[in-house]
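What follows is one structure encoded as structure tokens, with my remarks underneath.
The values are calculated or read from the model by the stated rules, or taken from the named source; none is laboratory data. Everything numeric in this text was worked out from a predicted model, so none of it was measured. Here the Cβ is made from the backbone with ideal geometry for all residues, glycine too, and neighbour counts use every protein chain on show. Quick note on the areas: whole protein, heavy atoms, side chains included, nothing else; ligands and nucleic acids left out. Shrake-Rupley method; radii C 1.70, N 1.55, O 1.52, S 1.80 Å.
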Amino acid sequence: MVTLEPDLSTQLGHWELPNPVMTASGCAAAGRELADFFDLTAIGAVVTKSIMAAPRSGRATPRMAETPSGMLNSIGLQGPGIDAFLANDLPYLKNLGARALVSIAGGSVGEFASLAARLAPEFWVAAVEVNISCPNVENRGLVFACDPGASSEVVSAVRAELPARVPVFAKLSPDVTDITTIARACVDAGANGLSVINTLLGMAIDVDTMRPVLAGITGGLSGPAIRPVAVRCVWQVHKALPDVPIIGIGGIRTGLDALEFVLAGASAVQVGTATFGDPSAPVRVLGELREALAARGIKRLADVVGAAHRPVEDAR
Amino acid sequence: MVTLEPDLSTQLGHWELPNPVMTASGCAAAGRELADFFDLTAIGAVVTKSIMAAPRSGRATPRMAETPSGMLNSIGLQGPGIDAFLANDLPYLKNLGARALVSIAGGSVGEFASLAARLAPEFWVAAVEVNISCPNVENRGLVFACDPGASSEVVSAVRAELPARVPVFAKLSPDVTDITTIARACVDAGANGLSVINTLLGMAIDVDTMRPVLAGITGGLSGPAIRPVAVRCVWQVHKALPDVPIIGIGGIRTGLDALEFVLAGASAVQVGTATFGDPSAPVRVLGELREALAARGIKRLADVVGAAHRPVEDAR
Amino acid sequence: MSPTQVRGKVVATRRVGAYHHLTIAAPGIPERTRPGNFVALAVGGPQTSMLLRRAFSIYRVSEQGPTGGTVEIVVGVHGKGTEWLVGCRPGDVVDVVGPLGKPFALPQEPVSCVLVGGGYGSAPLFMLAEGLLARGCRVQFVLGAATEARLFGALDAKRMGCPVTVTTEDGSAGVRGRVTDVLPELVRRTSSEVLYACGPMGMLRAVSDVATAEGAHSQCAVEEAMACGIGVCMTCVLPVIGADGVTRMSRSCVDGPVFRGTQVRWSEVGTVPADTLGAPKVGVR
Amino acid sequence: MSPTQVRGKVVATRRVGAYHHLTIAAPGIPERTRPGNFVALAVGGPQTSMLLRRAFSIYRVSEQGPTGGTVEIVVGVHGKGTEWLVGCRPGDVVDVVGPLGKPFALPQEPVSCVLVGGGYGSAPLFMLAEGLLARGCRVQFVLGAATEARLFGALDAKRMGCPVTVTTEDGSAGVRGRVTDVLPELVRRTSSEVLYACGPMGMLRAVSDVATAEGAHSQCAVEEAMACGIGVCMTCVLPVIGADGVTRMSRSCVDGPVFRGTQVRWSEVGTVPADTLGAPKVGVR
Ligand SMILES: Cc1cc2nc3c(=O)[nH]c(=O)nc-3n(C[C@H](O)[C@H](O)[C@H](O)COP(=O)(O)OP(=O)(O)OC[C@H]3O[C@@H](n4cnc5c(N)ncnc54)[C@H](O)[C@@H]3O)c2cc1C
Ligand SMILES: Cc1cc2nc3c(=O)[nH]c(=O)nc-3n(C[C@H](O)[C@H](O)[C@H](O)COP(=O)(O)OP(=O)(O)OC[C@H]3O[C@@H](n4cnc5c(N)ncnc54)[C@H](O)[C@@H]3O)c2cc1C
Ligand SMILES: Cc1cc2nc3c(=O)[nH]c(=O)nc-3n(C[C@H](O)[C@H](O)[C@H](O)COP(=O)(O)O)c2cc1C
Ligand SMILES: Cc1cc2nc3c(=O)[nH]c(=O)nc-3n(C[C@H](O)[C@H](O)[C@H](O)COP(=O)(O)O)c2cc1C
Ligand code: FES
Ligand code: FES
């Protein structure tokens, strides 16, 4: 018997991708540094670090702490600002022919809208991810993603500025009582898909200095430690909104981890923290996913998206 | 120089304990099995598995999945019911002279109240922990701990049934947008202290059967993986309610982990999942905490509760 | 006998077919061990992401030894923890908790017994056989596996002078088929009154059925996923009928792993039978 | 030269005072290495809870060897990852990414240089010295540490025929005191034009100050906590003044670890100076 190569192509709304594995925002800068380790065009898409309107220094150091099977980060969205990003960083991916999913972040609805407006003419940008896990400076620093109203406003503002052909993904935070409420608000506001999940709010205290380890006090928890929470969020969102494309994110380190997200309902996945431990992780995960599908006789990735939701035919 | 034994005694409201280390509910049954491994009277208190009014079979198996630095469980509150518990289980701790923190769980405010009423005559029970991370059968299975109103109702009902001398701790869930809102609601309703935190909702999918691993589909994530989230919750609650005693819970495996919670604002800690990997974990953690304090020249545990919140005198 | 926790040290490792035979110095455990007990080992080393212990039937113990008493186990590689364990080298430290669980019950009379092992499940049967022989029982073995490499202990059985019937599903050794294909005839022929079994659930159920049909007793050692092994977590349960006739979700680590075959509701393992004590009412969750 | 990722193999481990000298077969890395580069090693094995790599200066490389090219590092035990690393035995596999970072810049002219190492920080200075000597530079070492056991490389320096001054804070070897106690006089006496330094932040800052005071250049290799080591995570930043005079939070893993002493805002390391590009406005968060 001939083992056929599984068909890894995936459809995120009207966005078709040759395969479902992406980098995660903030874990691949703007792609260039990873090109030393693998071919950026080989993966589904390169997701860039969330960019803001103006240059940002980010927070003071220490900015990270390793935790059991995870890490905390408090970078504070350091970045060159949208102008320098469009002038110096993004063209690299364009010239390479990589698919770019550009992540944007803002402190106000207006900032998100103006970022989207700046991206609109970049016809080659494949998609935009809206990082709504940022503090809303106009509302006591309340994180947009924690409030369905604020999330909805950001998403519609972004959607309005971008041509219909550019899909918009809203990136959800797990730090909410009911993630499906936020998911629904984003979709109702025009999001074509959802990125699930961003980091969990965590912190660590240095038992010698007796102070928080991070200069920013709290930080975002990522890595395999959070995978069970991420899988649960994808599961809940897919169950509530079965027709909405989901990009699964959180602690993916192997192809089997990626498959777990696909079975929960994700049509694509992002590999974040694992890249720090293994710079070729995204392409390795892709290869392992391909093997895992082949070993299970699954011909098309698309056939098993959300498969774990199907009713059990026979109880044992 | 003589190294003095640090004073480990701790005060949780009017409850004074010789030391701050406890078992965690559901991770020590009713204590008896752990007596093979250490002296139950040596630790601060034994926290019993949440007991309900009637006997409960719990959920089908599989009930657990190991995850990176964590585990998922979906036991479904299996237990003998309050009558059998009072007749067969609790007397063991009483006869031993151990301090018992009895955890109660209910599906309705009425069930919580009647459990408290049953405990009221057990004058020797040191304290009661109210596990509000249960589905409210009267409100579409919504978890009490996710709603300040429902949490408040449960706590006041329990508080009303118990004599004032028995402190009541409300055990908070981290799966909420703002844990301080729930914390405040519980304290306003009469909770003498807060147990922070219960498990995070998570899930795992078996990549071979393509089904959720747990028969209960979702389960509670515990272990060192969640420690950064737990420390953050303790920090936030202590910051919001600096005078309310906190029992810190979540991923504590070593004495230094325990110290991290103390510095964040906990006056006591519970050791849960770590006991599965090391049955003597609670008493080991206690010993390590004692050493850690001594090594740092800290004379009294009470002196460093919440120490990480103190303003930094000098920036470096 | 109450369990203890010791910092064990790997003394020897040896491949046996598809399995690894590990000898671990674990003073304090041998003298307490009874046949059917198991040990729970910490795996992965100090910075591991694996929190839970792994359970293994005790194959043999020796109360003396240059490094103190030793415990022997037979490990089949299943996942990441067993993978780590079989990579241990002599001198490596492994934390051991044991002996755990209820042992096999021995008959009061010197009856004839059949000991049925599936795969590595035969490991605890040889200590059991010694106990039975010492009581004057007659002991015969039925050892089965998918394939010859997955058989364990046929030589041990022979060395003890006990008759052995081997079955493999692929016919690579002994009779092609399953242990239950040969069991009823053997029970009848030897007029055996007790069947002891350790192996996969399906096999235990079949052995229990054979015992019932043949009017014999059965003692089955089950294997359920365990988080703690000491009775505090409630993950390892299965529906077991008590002396009072009531079904409860019983912990296989402390109420088992050995149960009488008639106690276990084999066809409902993995579910909560509706008449279990405290089972959810139908339609209510 | 662009970095690569290889499955390295431990060839030898050896204690040197308070440190461990590890030789790792890591083909592909030696030929790309320049003095001041570092490697990032995965620690803990497959099921570890430690996700992040650990960074180590490259001490020596050898392009040939029975097991392919080797990389040598000097490891001080700091926490759980280094603890694991020094427990490795020959034959153990260690995933290596390297060479990483900007190397030391070498002078165009055959000038006199002082190479200052603090603790294991001296490790990268010997490859550097070879490069400098090959260009006809004069090289002198100042090696300091808290105590004799924490000194590294005095013998290497002597073997290369370079003058060495040793300082220890407790006086257990060489001059009692710090490297900067002897540095100004040495720089003047040898008319040195470039100071190279690797060691703790406080030492680097002091060396940079001496260089400025003596009219010399300085090249300092910093050590900031790193999550990725390859420039994608933004954790390893410190305030650095660019060629345009603007301060930016620069990544020490790709823009460093070697910086000109005058580029780094030493007294503000650990903060975001108010005039940094994109710094939060005062009163606004
Ligand atoms: C009483 C008892 C006796 C046993 N005796 C033996 C023996 O003699 N030889 C042998 O090779 N194996 C034996 N097993 C099975 C052995 O415990 C599992 O193969 C082992 O735990 C798998 O661990 P892993 O890390 O390789 O697999 P993983 O799948 O990575 O394990 C993940 C988690 O699930 C648990 N788990 C997974 N499978 C099992 C299982 N079948 N039984 C119990 N827990 C499981 C593990 O303990 C761990 O917590 C026994 C199990 C029990 C309960
Ligand atoms: C460019 C560079 C070169 C280095 N060269 C050497 C060397 O030659 N010899 C040597 O012994 N050490 C060197 N270090 C320091 C070494 O990387 C740390 O001691 C090591 O990472 C600590 O790991 P741990 O697991 O023992 O400690 P832990 O405290 O458990 O580490 C936790 C996390 O923090 C990071 N971390 C902690 N301390 C440091 C630190 N000082 N620098 C960077 N990351 C840190 C770790 O990488 C890890 O991600 C160098 C560091 C850098 C950045
Ligand atoms: C260092 C770091 C920086 C991150 N920066 C961003 C960011 O700028 N925007 C964003 O949407 N997510 C950011 N994230 C979150 C990741 O994209 C991802 O959602 C999260 O880390 C969970 O995935 P992982 O476990 O695979 O890392 C960052 C994560 C890390 C670890
Ligand atoms: C198997 C298991 C059962 C649990 N049962 C209960 C319970 O009955 N009541 C309760 O309040 N918490 C229960 N918990 C939660 C723990 O008490 C604790 O809050 C949580 O596990 C986090 O702590 P840990 O990481 O130290 O385990 C249970 C946890 C586990 C792992
Ligand atoms: S394994 Fe924990 S109760 Fe049996
Ligand atoms: S360590 Fe990640 S950018 Fe430098």
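When only Cα pairs below 8 angstrom with a gap of at least 6 residues are kept, the range B:154-233 shows a relative contact order of 28 percent. Normalised by the number of residues in the range B:253-316, the average gap of Cα pairs under 8 Å and 6 or more apart makes the relative contact order 47 percent.
Of D:Ala129, D:Ala145, D:Ala154, the residue with the greatest mean-square motion in the GNM of chain D, using alpha carbon springs below 10 Å, is D:Ala154. Calculation over all alpha carbon pairs of the range D:219-285 in 10 angstrom steps from 0 returns a P(r) of 22, 53, 23, 2 percent.
Sorted from shortest to longest, the distances between the B:Asp208 label points of this copy and the other copies are 4.5 nm, with each point 7 Å from Cα along the line through the beta carbon. Remark: the range A:142-291 carries a charge dipole of roughly 220 debye about the Cα centre, counting +1 on each Lys and Arg Cβ and -1 on each Asp and Glu Cβ. Ordering A:Ala116, A:Val176, A:Ala84 by Cα displacement along the dipole of the protein assembly as shown toward the positive end leaves A:Ala84 in first place; charges were set at the Cβ atoms of Lys, Arg (+1) and Asp, Glu (-1). In this view, the solvent-accessible surface of A:Glu33, computed with a 1.4 Å probe and all protein chains in place, comes to about 40 Å². Scaling the Cα radius of gyration of the range A:110-162 by the globular reference 2.2 N^0.38 Å produces a ratio of 1.16. As a rough guide to protection, the peptides A:87-100, A:227-240, B:141-154 ranked by mean Cβ packing within 10 Å, highest first, stand as A:227-240, B:141-154, A:87-100.
Legend: P(r) of the range A:115-216 from all alpha carbon pair distances, 10 Å bins from 0, whole percents, reading 15, 40, 26, 12, 5, 0.
Could you list, in their original order, any pairs among C:Lys9/D:Lys9; C:Lys9/D:Lys80; D:Lys80/D:Lys158; A:Lys49/C:Lys80 whose Cα atoms are separated by more than 28 Å? Result: D:Lys80/D:Lys158; A:Lys49/C:Lys80 exceed 28 Å. Hydrodynamic analysis of the range D:128-285 uses the Kirkwood radius over alpha carbon pairs. Inserted into Stokes-Einstein at 4 °C and 1.567 mPa s, it gives a translational diffusion coefficient of 76 µm²/s.
The GNM of chain D, with springs linking C-alpha atoms under 10 angstrom apart, assigns the highest mean-square fluctuation among D:Val86, D:Val71, D:Val232 to D:Val232. Computed across the protein assembly as shown, the Kirkwood hydrodynamic radius from all distinct Cα-Cα pairs reaches 32.4 Å.
Can you work out D for the range C:9-155 in µm² s⁻¹ from Stokes-Einstein, where Rh is the Kirkwood radius over C-alpha pairs, the temperature is 4 °C and the viscosity is 1.567 mPa s? D, rounded to a whole number, is 82 µm²/s. Evaluated on the range B:158-316, the Kirkwood hydrodynamic radius is 17.0 Å, with distances taken between all distinct Cα atoms.
Shape annotation for chain A: C-alpha extents along the principal axes are 59, 51, 41 Å, from largest to smallest. Estimated from helical segments only, the mean residue ellipticity of the protein assembly as shown at 222 nm is -6500 deg cm²/dmol, where each DSSP H run of four or more residues counts as -39500 (n - 2.57).
Could you check what % of the DSSP bridge pairs in the protein assembly as shown are antiparallel, to the nearest 5? Bridges in the protein assembly as shown are about 50 percent antiparallel. Rolled with a 1.4 Å probe across the full set of protein chains, the surface gives C:Thr33 an accessible area near 20 Å². Principal axis analysis of the Cα atoms in the range B:1-123 yields extents of 58, 43, 27 Å, listed in decreasing size. Counting Cβ atoms of other protein chains within 10 Å of each residue's Cβ and taking the mean over peptide D:266-279 gives 4.
The mean sequence separation of alpha-carbon pairs under 8 Å and at least six residues apart, normalised by the residue count of the range B:200-294, gives a relative contact order of 23 percent.
Placing +1 on each Lys and Arg Cβ and -1 on each Asp and Glu Cβ, with no other charges, gives the protein assembly as shown a dipole about its Cα centre of roughly 1160 debye.
With θ taken as phi - 60° and the Karplus curve 6.51 cos²θ - 1.76 cosθ + 1.60 applied, the whole-hertz 3J(HN,Hα) list for the range B:154-162 is 4, 4, 5, 4, 5, 4, 5, 8, 9 Hz, x standing for glycine and proline. Annotation: C:Ile230 carries an accessible surface of approximately 10 Å², with a 1.4 Å probe and no ligand, DNA or RNA atoms counted. Taking the Cα centre of chain B as reference, the dipole from Cβ charges on Lys and Arg (+1) and Asp and Glu (-1) amounts to some 60 debye. Using the charge dipole of the range D:114-250 (Lys, Arg: +1 at Cβ; Asp, Glu: -1 at Cβ; taken about the Cα centre), state which of D:Val166, D:Ala221, D:Val179 has its Cα farthest towards the positive end. Value: D:Val166. For chain B, the antiparallel share of DSSP beta bridges with both residues in that region comes to about 40%. Among residues of chain C, the one whose beta-carbon sits closest to the C-to-D rotation axis is listed with its distance in Å as C:Ser49, 2. Shortest first, B:Gly149 label-point distances to identical copies amount to 1.8 nm, with the label point at 7 Å from Cα along Cα→Cβ. Most fluctuating residue of B:Pro167, B:Pro245, B:Pro68 in a GNM of chain B with Cα springs under 10 Å: which is it? In the Gaussian network model the winner is B:Pro68.
Once the Kirkwood radius over Cα pairs is known for the range C:68-128, the Stokes-Einstein relation at 37 °C and 0.692 mPa s delivers a diffusion coefficient of 224 µm²/s.
Counting only DSSP beta bridges whose two residues both lie in the range A:163-316, roughly 40 percent are antiparallel. Note on B:270-280: average number of Cβ atoms from other chains within 10 Å of each residue's Cβ is 5. Across the identical copies, the label point of D:Glu31 (7 Å from Cα in the Cβ direction) is separated from its matches by 6.4 nm, in order from shortest.
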